[in-house]
Amino acid sequence: MPRNVFGKYLRDNLRALLGWMVAVAAVTLLYSAFWPSMADSAEAMDEFMATFPSGVLEAMGWQDLTSAEGYLNSTVFALLMPILMVVAAIVIGTRAIAGDEEDGGLELVLAHPVGRVSVLVQRFAAVVVFIAALGFASFLTLAVFAPTLDIDIAVGYLLAATSMTTLVALCYGSLALAVGAVTGRRGLALTTGALFAVIGYVGNTFALQVSELEWLRFLSAFYYALDPNPLANGFDAGFTAILIAVPLALLVIAATTFTRRDVAV
Amino acid sequence: MNAETPRAITAAGLTKSYGRHHALSGVDLQVQQGEVFGFLGPNGAGKTTTIRVLLDLIRRDGGELNVLGHDPRTDGVRIRRDVGYLPGELPISSRRPARELLTYLGDLRGGVPRSRVDELAERLSLDVSRPIRGLSKGNKQKVGLVQAFMHQPRLLILDEPTSGLDPLLQQEFLTMVREVRADGRTVFMSSHVLSEVQDVADRAAIIRDGRIVATEDMDALRERASRRVTLRFADPVSRERFAAAERVRDVVVDGDTLHCMVDGSPDALVKLAAEHTVLALTSEEPDLEELFFTHYNGGDAGTDGKAGRDAS
């Protein structure tokens with residue numbers, strides 16, 4: 001039985017969490033399972049890739065497909081897995097305050113002897129755990145199956161890469177939570193989170209082809225997570241710090257406003 | 001620590017606006033400790049807004065407020081420890097069983113004995129093992145009542161407590177309210193119909209367009225309440241005799257059927273009707289609007305529409 005706001009929020013979302021974990025693990029496994037056959041036809045693939053203009057490849061997030069790191073970066077970490085994680089994070093972050101408020105549940109909790117900051121921080125912590133569990137599902141899948149799939153990457157690097165993607169999701173989840181805490185509007189929280197995620201994704205892929213848009217990548221959490229290439233280099237201290245600082249800053253902004261505004265109007 | 005604070009709620013000039021809409025334009029309330037206080041008003045009058053200000057869910061723009069000796073703005077957590085609150089709606093859509101929600105809410109208050117929850121659930125015949133999502137409106141209302149009463153708070157704030165309850169459970173609810181009063185604890189309950197509170201409340205305030213228009217003893221209010229009565233007789237009756245009866249007005253006779261308004265006691269009407277063979281008698285709930293129209297606001301009541309949204 002959950003005894004506090006943190007535990008109750010996780011308990012209420014346990015089914016969703018298990019569903020998302022299965023999805024993230026499945027997508028991770030599906031892509032990486034193709035690596036052995038891809039490695040066998042590496043030369044043919046290289047020739048095929050050479051026929052594209054280099055800009056197209058970058059725009060699609062494709063890298064060198066002949067190494068395991070390049071392959072995973074171009075598949076698992078480039079598209080579906082981070083998108084799943086970001087979507088899950090925005091959904092759970094929106095529900096944490098604004099969603100619950102519009103459903104009427106938040107009013108009941110706040111009529112109890114709990115402070116608003118406490119409720120906000122506990123819900124945020126639950127969102128962190130939720131997203132971390134998704135990242136862990138992806139990491140575990142890679143770590144367990146890497147040896148059998150001829151993926152020769154140290155576990156520490158796998159951990160670094162999945163952690164960075166997890167932090168990307170946390171950034172956008174925190175944004176949705178913060179917008180919800182400031183405004184109390186579910187729709188606004190959801191669309192702001194999604195909008196920034198799309199800008200961030202595009203900013204780190206297609207926009208790189210247009211020099212006028214290159215600055216966009218600094219607004220992109222994906223840039224800070226993927227540019228240091230953690231699969232090959234491990235954690236990058238500076239960029240990791242940025243990806244941790246952003247959610248914390250959003251939490252502080254959310255807290256200052258949430259304690260002052262009217263709830264359930 | 002002031003031993004001579006007999007008031008559970010003191011509000012003076014509470015105001016709250018949303019943009020140009022004035023939800024509260026000067027609410028004054030004095031609720032004594034140990035009384036059952038009815039808070040009456042049509043939908044959209046400001047009842048729910050006032051209640052949310054009491055709980056510090058909404059911050060007032062102006063005015064003075066004291067709940068159980070403290071200001072909700074600065075001591076919200078402390079006040080809410082001693083308050084049980086029933087929201088106007090309990091739209092919790094969790095798939096988890098009601099017991100889990102009740103245990104959780106109890107834990108937010110430092111724990112409530114399971115036996116206490118079971119006892120209340122039994123009184124209201126609520127099955128706490130069922131998921132909240134599947135519960136009917138009435139059963140959700142019971143969950144709300146259990147969580148409001150279970151920790152035996154000093155002050156109960158109930159927003160439309162009997163909506164959705166069948167008559168038998170309404171009686172049980174009223175018994176629970178009387179027990180709270182017998183304990184020396186306070187109940188503040190809102191409603192948009194007089195009958196919901198008239199059997200149990202000691203006093204009532206009437207709010208309209210964000211302003212308290214009257215605070216009265218329940219007996220006085222009942223005395224003034226107007227109700228629409230319809231009588232059907234075996235034979236046609238004369239309009240004039242009924243129109244002349246005390247406290248009876250707006251008499252319309254349509255063959256063997258008589259419609260009229262009765263202000264306060266229907267004694268004269270009943271005695272007059274008893275001279276005939278009565279086939280049917282219906283008496284509608286006293287209408288709050290009617291109450292304003294006849295006694296408080298003279299002409300303008302009901303004309304300027306219920307501006308603003310339904311806040312309940």
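Values quoted throughout were computed directly from the atomic coordinates according to the rules given, and no laboratory measurement underlies them. This is a predicted model, so every value here is computed, not measured. Neighbour counts run over all protein chains shown; Cβ positions are idealised from the backbone, glycine included.
The table that follows gives values for the structure above.
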quantity	calculated
Overall form of the range B:227-285 per C-alpha gyration tensor (a/c, 1.5; a/b vs b/c)	rounded
5 angstrom amide H check on B:Arg7, placed H, neighbours 5+ away	B:Gln33
Descending Cα extents along the principal axes, the protein assembly as shown, whole Å	109, 58, 45
Table column - 3J(HN,Hα) (Hz), the range A:159-164, Karplus curve with 6.51, -1.76, 1.60, x for Gly and Pro	5, 4, 5, 5, 5, 5
Proxy reagent accessibility, fewest Cβ within 10 Å first, across B:Cys260, A:Cys171	B:Cys260, A:Cys171
Calculated from backbone phi, Karplus (6.51, -1.76, 1.60) coupling profile of the range B:234-240 in Hz, x at Gly/Pro	6, 10, x, 10, 8, 5, 4
Average beta-carbon neighbours from other chains, 10 Å sphere, peptide B:43-53	1
Mean separation of Cα contacts under 8 Å (6+ apart) over length of chain A, as relative contact order %	24 percent
Residue-averaged beta-carbon neighbours from other chains (10 angstrom radius) around B:107-120	2
³J(HN,Hα) computed for each position of the range B:63-69 - Karplus, 6.51 cos²θ - 1.76 cosθ + 1.60, integer Hz, glycine/proline x	x, 10, 9, 9, 10, 6, x
Proxy reagent accessibility, fewest Cβ within 10 Å first, across A:Glu43, B:Glu64	A:Glu43, B:Glu64
Percent RCO, i.e. relative contact order, over chain B, from Cα pairs under 8 Å lying at least 6 residues apart	22 percent
Relative contact order (%) - the range B:227-285, alpha-carbon pairs under 8 angstrom, separation at least six	49 percent
Restraint check, B:Lys47/B:Lys142; B:Lys16/B:Lys137; A:Lys8/B:Lys47; A:Lys8/B:Lys16; B:Lys16/B:Lys140, Cα-Cα greater than 24 Å	B:Lys16/B:Lys137; A:Lys8/B:Lys47; A:Lys8/B:Lys16; B:Lys16/B:Lys140
Order of B:Ser94, B:Ser226 under a 10 Å beta carbon neighbour criterion, fewest first	B:Ser94, B:Ser226
Net charge of Cβ neighbours under 15 Å - reference A:Thr192; Lys, Arg +1; Asp, Glu -1	+3
MRE, 222 nm, helices only [DSSP H, n ≥ 4, -39500 (n - 2.57), over the protein assembly as shown, to nearest 500]	-15000 deg cm²/dmol
